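Reviewing the structure listed below.
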Amino acid sequence: MKRILIALLIAVFSVPTFADEGMWIPMLLKRNEADMQQKGMKISADDIYSINQACLKDAIVLFGSGCTGEFVSDQGLLFTNHHCGYSFIARNSTLEHNYLANGFWAKSFEEEIPCVGLTVTRLVRMEDVTEQVLKGVEDKMSEAERENVIAANIKAVTKKATEGTHYSAIIKPFYYGNQYFMYVNEVFTDVRMVGTPPSNIGKFGGDTDNWMWPRHTGDFSVFRVYAGKDNKPADYSADNVPYKPLQHLTISLKGVEENDFTFVFGYPGTTNRYATSQAVDLAANVTNPVRIDLRTIRLNHYNNAMNQDAAQRLKYSSKVASIANGWKKWQGESLGINRLDGVEKKQEFEKRFQQWANNNPMYKDVLPSMEKNYAILKSIELNNTYFNEAVRASDFMGRAATLLTLANTTNDSLIEARKNAFIKHNETYFKDFDKHSIVDRAIFIETFTYMCKAGFGGFVANKDVDIATIEEMLGKIYDKSVLTSEKNIMKLLANYKAKDAKKILKDPAVELYQLAYENLLPASSRKEYSKVTKEINRLYRLYVKGMMEMDANNVSFPDANLTLRVAYGHVKGFAPKDGVYYKPYTTLEGIIEKENPDIYDYVVEPRLKELYNTRDYGQYANAKGELPVAFIATNHTTGGNSGSPVLNANGELIGLNFDRCWEGTMSDLLFDPNYCRNITLDIRYCLFIIDKYAGATNLINELTISK
């Protein structure tokens, strides 16, 4: 059966009919080669991925745990997005050396700043291991039995692949477990910060422009990977040397024109293109609206605080970026799904599938069972949403959860470790507590009040209670908790032992958190959630397999799962609504047009304005004398593609992928070529900032540049 399935998957991929939609497996790119070349590519599939020669894949890395980066020199210099390096830039910043606000440029190796905890992962090779992983799996097995066999097989296969090497290996399922690929990786742990523009360039437009087009953000940062003297990964040491990659990218200054071929090579995170109509409806019309409302509350309070002084801006900037990213994306996703009648389109396909499945006993009950399970999942997901986006919205409740964990710990050594960690956290937490408590208290009260009025906070007050009364009750809980008094919390923790757990459990914040957990996520609900999601995953495995059998002549690609993929398309503008057409590129002129000294996100750096006024663009201007900033194309991307290289027909670097257009963010579920566009930082603007703005010519001199 497994060999038949593998043959089926290969047959599905073999048909040469492709569209702009697609996140293709590099190892199988030979099947796309003719189509890519017909659309304009001038290199071969082997130039992109090969295990027999150095190729473009050797220049592409997983940056941290959720972004992409690329080597751009033979000394381990690496480009990624500013927002990908953001947390490490913030972590290395202080008010005295505020790299977020002012930027940073190392003029020598010695000035580069170590980033503790940052990893860079290079793919050595990938391999289809479906047959080995599914060895011993039989249709009559229960899901638990199946999972146990697969887990044992994966352990054996990865052990054999890495034995006697410094490599690591991971095996990931594709098509909901119908296929498996192994990725053998090399992980580097000595990564150092080399350069970053100030946030007024790297995050120009802020959350207002996030996910939007036209875009004018210089979203890049520069790092370097270090290795031992044998060029192998090594923990940080002053004796380490810059890593010499097997391949680094050549940078093209020729730019792009509309309809030019481009491709993106990176690590897309998660898509759900096989989702049923119930899943699409759940996201667009049930959970997304609640998430958006609750995150709006948090963002309003954080942004108000950030506008008051630099210290609060530095404190909340990373948190706000994280919160706002999903907030804006979900808005566009719901809008796009409903504009496309996405639920109805899914239902139309499901009707066709069911007609086919009625004559195939293996698949006949898949969709009816899916509908039944999603009906159960809907209410549980709403409770999960309120717990994560309302209950856990404030630091206050997060700290209550930490305190509750301590109270539930009985092992003496573990108690000491958790107690000491919390003491250390408190020492930092209370440094600016007067200002922070105003913000956090407001978030706590408003998110809980919202939940109560929506009918999900009955453990506090039912929705018929007036808002003022609810707010007063919550305010008392906040003010009376030991968590809002440095003196009281430190006194409680100083000599804390297991016998003192009752003191914690009586704290009003801990009591509230425990009530929220027990009411929104009771044990019965958690058990049901686990059961339903496992069953849904099993049904998806059958559903996808059935889809492939039903439409064997259609090209199919697996959902993104943070593995290396290739997406390709063309530079192209689009019409987001009637009477409006967006050109496919922006220029420095647009930054000047957006300038507003009274709004932090639209402040233009004086040096940048000076270069604009003198038109001192150097070799980075286009043929019209403009300085390009960003461009859009029809490449299919998602989260994780941030920082991915965007390459031209010759495989040369022309930009860094950093976003999608808001109107097309439903592409994780539904791809529409009329609206779905990836947003790319033009590499010429990136180099212009490094060279003309920052004067970091030492970095420019490292690069291989094609003019």
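The values are calculated or read from the model by the stated rules, or taken from the named source; none is laboratory data. Note that the coordinates shown come from a computational prediction; the quantities given were computed from them, not determined experimentally. Cβ placement follows ideal geometry from the backbone for every residue including glycine, while neighbour counts extend to all protein chains displayed. When the accessible area is computed, the model is the full protein with side chains, heavy atoms only, and any ligands, DNA or RNA have been set aside. Shrake-Rupley method; radii C 1.70, N 1.55, O 1.52, S 1.80 Å.
The heavy atoms of residue 470 offer some 0 square angstrom of accessible surface to a 1.4 angstrom probe. Partners of residue 351 within straight-line reach, counting lysines whose Cα lies under 19 Å from its Cα and excluding those fewer than 8 residues away in the same chain: 364, 372, 545. From the alpha carbon centroid of region 536-614 to that of region 81-127 is 24 Å.
Using a/c under 1.5 as the rounded threshold, could you call the chain rounded, prolate or oblate? The axes a ≥ b ≥ c are square roots of the C-alpha gyration tensor eigenvalues, and prolate needs a/b larger than b/c, oblate otherwise. Because its axes are fairly even, with a/c under 1.5, the chain counts as rounded.
The modelled label-to-label distance between residue 138 and residue 580, using points 7 Å beyond Cα along the C-beta direction, is 6.0 nm. If you sort the three axes of the alpha carbon gyration tensor as a ≥ b ≥ c, you get a/c of 1.5 or more for region 583-707 and a/b no higher than b/c, which makes it oblate. Relative to a virtual label point 7 Å from the Cα of residue 229 in the Cα→beta-carbon direction, which members of region 79-120 show backbone nitrogen distances below 19 Å? Those under the cut-off are 110. For a test of understanding, tell me how many lysine pairs in region 57-200 have Cα atoms under 21 Å apart, given they are 8 or more places apart or on different chains. Taking the Cα cut-off of 21 Å, the pair count is 8. On the chain, 50 percent of the accessible area sits on carbon and sulfur atoms, based on a 1.4 Å probe. Once the chain from residue 701 to residue 351 is taken as fully extended at 0.36 nm per residue, the excess over their C-alpha distance is 120.0 nm. Placing unit charges on the Cβ atoms of the charged side chains and taking the dipole of region 417-506 about its Cα centre, the candidate lying farthest along the positive direction among 436, 451, 501 is 501.
Taking 7 Å along the Cα-to-C-beta vector as the label spot, tell me the residue 165-residue 311 distance in nanometres, rounded to one decimal. About 5.2 nm separates the two model spin labels. Computed from the C-beta positions of residue 97 and residue 421, the FRET efficiency with R₀ = 30 Å rounds to 0.65. Computed with a 1.4 Å probe on the full set of protein chains, the accessible area for residue 250 sits at about 50 Å².
Applying a 4.7 Å cutoff between beta carbons, the unpaired cysteines of the chain are 55, 115, 452, 661, 676, 686. Scanning residues 5 or more positions from residue 574 or on other chains, those with amide H under 5 Å from its amide H are 582, with H placed 1.01 Å from N in the peptide plane.
Counting only protein chain heavy atoms and rolling a 1.4 Å probe, the accessible areas of 265, 104 rank, largest first, as 104, 265. Multiplying the residue separation of residue 471 and residue 613 by 0.36 nm and subtracting their alpha-carbon distance yields 45.8 nm.
Here the simple spin-label model places points 7 Å from the Cα toward Cβ, and for residue 525 and residue 429 these points are separated by 2.5 nm.
Amide H contacts for residue 639 (H built 1.01 Å from N in the peptide plane; partners 5 or more residues away or on another chain; cut-off under 5 Å): 269, 270. Across the chain, the mean sequence separation of Cα contacts (distance under 8 Å, 6 or more residues apart), normalised by length, yields a relative contact order of 24 percent. When the chain is described by a simple charge dipole with +1 on each Lys and Arg Cβ and -1 on each Asp and Glu Cβ, the residue from 521, 261, 666 located farthest towards its positive end is 521.
Simple rule: put +1 on each Lys or Arg Cβ and -1 on each Asp or Glu Cβ in the chain, find the dipole, and look at 388, 48, 71; the Cα lying farthest toward the positive end is 388. Cross-link reach is defined here as a Cα-Cα straight distance under 26 Å, omitting same-chain residues fewer than 8 places apart; for residue 583 the lysines meeting it are 39, 42, 203, 254, 328, 329, 572, 594, 609, 624, 707. Within the same chain, aspartates and glutamates fewer than 8 places from residue 453 are excluded, and of the rest, those with a Cα less than 14 Å from its Cα are 293, 464, 466, 471. For the pair region 478-495 and region 142-212, the centres of their Cα atoms are 40 angstrom apart.
At full extension, residue 674 and residue 499 could sit 56.6 nm farther apart than now, given 0.36 nm per residue minus the alpha carbon distance. Charging the Cβ of each Asp and Glu at -1 and of each Lys and Arg at +1, and nothing else, the dipole of region 154-194 about its Cα centre rounds to 160 debye.
Apply the a/c threshold of 1.5 to the C-alpha gyration tensor of region 134-283 and tell me whether it is rounded, prolate or oblate. Judged from the Cα gyration tensor, region 134-283 comes out oblate (a/c at least 1.5, b/c at or above a/b). Whole-percent P(r), region 503-648, all Cα pairs, 5 Å bins from 0: 2, 6, 8, 9, 10, 11, 10, 8, 8, 10, 9, 7, 3, 0, 0.
Remark: the chain carries a charge dipole of roughly 1400 debye about the Cα centre, counting +1 on each Lys and Arg Cβ and -1 on each Asp and Glu Cβ.
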